[in-house]
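The values are calculated or read from the model by the stated rules, or taken from the named source; none is laboratory data. Note that the structure is a prediction, hence the values are computed from the model and not measured. Virtual Cβ from ideal backbone geometry, glycine too; neighbours counted across all protein chains shown. Ligands, DNA and RNA are excluded from the accessible area calculation, which covers all protein heavy atoms including side chains. Shrake-Rupley method; radii C 1.70, N 1.55, O 1.52, S 1.80 Å.
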Amino acid sequence: GYQGMVDGGDNIVEVSWESVSSILQVGGTVIGSARCKPFRTREGRLQAAFNLVQRGITNLCVIGGDGSLTGANLFREEWSGLLEELAQKGKIDAEAVKKYAYLNIVGMVGSIDNDFCGTDMTIGTDSALHRIIEVVDAIMTTAQSHQRTFVLEVMGRHCGYLALVSALACGADWVFIPEYPPEEGWEDSMCVKLSENRARKKRLNIIIVAEGAIDCHNKPITSEKVKDLVVQRLGFDTRVTILGHVQRGGTPSAFDRILASRMGVEAVLALLEATPDTPACVVSLSGNQAVRLPLMECVQMTQEVQKAMDEGRFLEAVRLRGRSFENNLNTYKLLSHKRPDAELPKTNFNVAVLNVGAPAAGMNAAVRAAVRVGMTEGHKIFAVIDGFEGFARGKIKEISWGDVGGWTGQGGSILGTKRTLPAKYLEKIADQMRTYNINALMVIGGFEAYLGLLELSAAREKYDEFCVPMVMVPATVSNNVPGSDFSIGADTALNTITDTCDRIKQSASGTKRRVFIIETMGGYCGYLANMGALAAGADAAYIFEEQFDIRELQANVEHLTEKMKTSIQRGLVLRNENCNENYTTDFIYQLYSEEGKGVFDCRKNVLGHMQQGGAPSPFDRNFGTKISAKAMQWISKKLKETYRKGKVFANTDDSVCLLGMRRRNLVFQPVAELKSETDFVHRIPKEQWWLKLRPLMKILAKYKTSYDVSDSGQLEHV
């Protein structure tokens, strides 16, 4: 860190391509980081400036939290003054002052608290959430065997992001965060809620406390205090678990690797375009879009939050944290506390929820959110078992608040899901909709769900029963649904692929020179193969969207042969299952084996259905929960709009929508309008955003290729 910049000497070294090989999967930082007292003094910064000028360095890329970034900005502001002082002391000549007159700075926010304003996700936050969720999942099993209450303390001295999102992701009973202290008398309401849960036969209570949690008088709320309260008032057996530095450790998640790789490119582009007049910026992600923000605006806003909290302006603090934080908080409040039946509105609408397609991790989180938000809005919610097939057979039951407790952490699909399309059951499904008086449909699923909605809307002319609002929430590991950048389940599958690739690479570390050919799922969609390759540091990824021929295969083999002559002695090649009908995994394996004879040997691995299983990742739980809650609110709005003369009648295109994440926003798009964007033969969208990241993977694997910078972030204000 800055300590190395002040000390100079061997602490500043030129790096080569190989210096950073195989560090992608290593947690923490291999170049080390330190809190640095000297850099806080002018003398320290003077020494640092001298060390940089000696090596002709005038561009800095700083990866750190708000402290490091504020320091960097000060350093930049003082730069010309520091150089003049060095010249006066005779340490550098006038020529150097002219030559190195400007220092350019770009920041990347690496902080597990996600406490930096202006950025949706900081590098490291997702990995920290993985650690927390692993612990919560493990505690859940012990706590369910003994009726226990667990108080979990997570990091976040000034920011409640980790506590809030993990509470959302595991369905915690109560959460304490610094930005949103509980109201007066929270002790009573918390105890009432815990005892109600016990009465409802919920064996497990989880309370999450951020280390910086406070009450509305700015007094700390500690995990011990919460425990003592529960023990004294309720006599429940209560245990405290403090996660501490576990949260900083471990290997980075797939999301963090891809985020950090994208941000690294953005940082270089920002430095290349920087001029003496552009403000120092941080690169960050807004939704799924790279953006650049003036560093000082972000720092000021981050400090504003702290000030607002100190002065007790808590609503303001939440607002300043940004829309993603606010969204998380509102969703949590909506889903965690059941209002008494007497307080709920009664709409007399019945909404059916079903899963369609192959199972995807996070489907259950989406169903839970739909059921609870639907009930809060006053509807009756019906669960359909086994997709459209179960619908036709009348496998439909009313589902209530308590039925979906504990669902967020469950993989697969508890409701059951089938790939069957509704076309052959139209009559029967219409009958069931009449029998149960279903006024709206929410379909959570993959490409089949999209086709299913198209079929149902086409059948509206014949059956009035289908003239109701219908919404689809994309959930498939393949991420091949048009109209959305992400689908529920894809992040979990990516993590599975990444973990497996890490292990496979490790298995090769004992043997010399080995190349692995790994086949991933995804149908014709190359998302998993491409993003898996980026996250695992692969040498090539073969996908259907980018045609390849024997010459390219040949070039890849030669490239790997060259690589094996260096100190890097293993290779990783990913292949999407349907990328080419003739160049099969076996073919590629045999080709590499033959061509690599005497240089490297080969192994192949088909990952198969493990990619659909496993507990959902924090991203999928969170995304599933938020997107599904939003879809249910849309249903309520549409029901009000289309209710006339005692019945719901909706037959316009905009009453059958898909809710997707597009760049920065969640948008409802009529499925009819998405038809033109779809390649129905191969079941993929015609245009896919992640193809722009393909050159990045190739550059990182040392291929010469051009990178399209037109999509790079533009400077905007916070």
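A few comments on the model shown:
- Top-ranked residue in segment 267-290 [being closer than 15 Å to L69 by Cβ and surrounded by 20 or more Cβ atoms within 10 Å (Cβ to Cβ); ranked as farthest from the chain's Cα centre (by Cα)]: A280
- Being open to solvent by 30 Å² or more (accessible area, probe 1.4 Å) and not assigned by the TED database to the domain that holds V299 is not true of L194.
- Candidates I139, I207 - the one that is open to solvent by less than 60 Å² (accessible area, probe 1.4 Å), closer than 23 Å to Q410 by Cβ and modelled with pLDDT of 90 or more: I207
- The residue that is farthest from Q688 (Cα to Cα), counting only those in segment 641-674 that are open to solvent by 10 Å² or more (accessible area, probe 1.4 Å) and hydroxyl-bearing (S, T, Y), is Y643.
- Screening the candidates E595, E546, E519 for the property of being in contact with a helix residue (DSSP H, G or I) (Cβ under 7 Å, 6 or more places away or on another chain) and within 20 Å of T498 (Cα to Cα) yields one hit, E519.
- Taking strands (runs of 3 or more DSSP E) as the structural unit, those lying wholly within segment 166-281 and holding at least 2 residues that are in contact with a Leu (Cβ under 6 Å, 6 or more places away or on another chain) and more than 30 Å from R76 (Cα to Cα) correspond to 205-210.
- Options T496, T492, T500: the member that is in a helix (DSSP H, G or I), farther than 19 Å from E448 by Cα, open to solvent by 20 Å² or more (accessible area, probe 1.4 Å) and touching a helix residue (DSSP H, G or I) at 6+ places or on another chain (Cβ under 7 Å): T496
- Selection of segment 83-104 for residues being open to solvent by less than 10 Å² (accessible area, probe 1.4 Å) and touching a residue at least 40 places away in the same chain (Cβ under 8 Å) yields L86, L103.
- Checked against the criteria, L243 does not count as touching a residue at least 60 places away in the same chain (Cβ under 8 Å) and either surrounded by 22 or more Cβ atoms within 10 Å (Cβ to Cβ) or hydroxyl-bearing (S, T, Y) (or both).
- K512 vs. criteria of a type in the set (K, R), in contact with a Phe, Trp or Tyr (Cβ under 8 Å, 6 or more places away or on another chain) and at pLDDT below 95: no
- Enumeration of residues in segment 396-428 that are touching an Asp or Glu at 6+ places or on another chain (Cβ under 6 Å) and not hydrophobic (A, V, I, L, M, F, W, C): G409, G416, K418, R419, T420, P422
- Residues that are surrounded by fewer than 18 Cβ atoms within 10 Å (Cβ to Cβ), under 30 Å from A540 (Cβ atoms) and hydrophobic (A, V, I, L, M, F, W, C) within segment 697-718 comprise I699, V709, listed in sequence order.
Residue-by-condition table, conditions (1) in contact with a helix residue (DSSP H, G or I) (Cβ under 6 Å, 6 or more places away or on another chain); (2) open to solvent by 30 Å² or more (accessible area, probe 1.4 Å); (3) closer than 24 Å to K637 by Cβ:
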residue	(1), (2), (3)
G402	no, yes, no
T408	yes, no, no
I429	yes, no, no
I438	no, no, yes
L441	no, no, yes
F447	no, no, no
L451	no, yes, no
K462	no, yes, no
V468	no, no, yes
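- Between E196, E179, E134, the distinction of being out of contact with any strand residue (DSSP E or B) (no Cβ under 7 Å at 6 or more places or on another chain) and within 30 Å of E311 (Cα to Cα) belongs to E179 only.
- Subset of segment 113-128 [within 22 Å of R664 (Cα to Cα) and either in a loop (DSSP other than H, G, I, E, B) or among the hydrophobic types (A, V, I, L, M, F, W, C) (or both)]: D113, N114, D115, F116, C117, G118, T119, D120, M121, T122, I123, G124
- Taken over segment 47-59, the criterion of being closer than 17 Å to G81 by Cβ, touching a Leu at 6+ places or on another chain (Cβ under 7 Å) and open to solvent by 20 Å² or more (accessible area, probe 1.4 Å) is satisfied by F50, T58.
- Criterion violated by K686 - all others in (1) at pLDDT 90 or above; (2) surrounded by 13 or more Cβ atoms within 10 Å (Cβ to Cβ) satisfied: (2)
- Test: E134 is under 19 Å from the mean Cα position of the chain (by Cα), charged (D, E, K, R) and not assigned by the TED database to the domain that holds L271: yes
- Candidate set from segment 248-266 (those that are closer than 16 Å to Y707 by Cβ and over 17 Å from the mean Cα position of the chain (by Cα)); member that is surrounded by the fewest Cβ atoms within 10 Å (Cβ to Cβ): G264
- Residue match in segment 472-487 (condition: of a type in the set (S, T, Y) and surrounded by fewer than 22 Cβ atoms within 10 Å (Cβ to Cβ)): no
- Filtered by the rule that a residue be outside any helix (DSSP H, G or I) and either surrounded by fewer than 16 Cβ atoms within 10 Å (Cβ to Cβ) or among the acidic types (D, E) (or both), segment 1-20 gives G8, I12, V13, E14, V15, S16, W17.
- Test: residue in segment 147-156 that is of a type in the set (G, A, S) and either out of contact with any helix residue (DSSP H, G or I) (no Cβ under 6 Å at 6 or more places or on another chain) or at pLDDT 95 or above (or both): no
- One residue stands out among those in segment 667-718 that are among the basic types (K, R) and not in a loop (DSSP other than H, G, I, E, B): the one that is farthest from D485 (Cα to Cα), which is K698.
- Considering residues of segment 105-136 that are among the acidic types (D, E) and in contact (Cβ under 8 Å) with a residue 40 or more places away in the chain only, the residue surrounded by the fewest Cβ atoms within 10 Å (Cβ to Cβ): D120
- Within segment 522-640, strands (runs of 3 or more DSSP E) holding 1 or more residues that are surrounded by fewer than 24 Cβ atoms within 10 Å (Cβ to Cβ): 570-576, 601-606
- Flag if L607 is over 30 Å from V283 (Cβ atoms) and in contact (Cβ under 8 Å) with a residue 12 or more places away in the chain: yes
- Residue among V477, V468 that is in contact with a strand residue (DSSP E or B) (Cβ under 7 Å, 6 or more places away or on another chain), at pLDDT 95 or above, closer than 30 Å to N350 by Cα and not in a helix (DSSP H, G or I): V468
- Verdict on A361 being in a loop (DSSP other than H, G, I, E, B), under 28 Å from the mean Cα position of the chain (by Cα) and within 24 Å of N495 (Cβ to Cβ): yes
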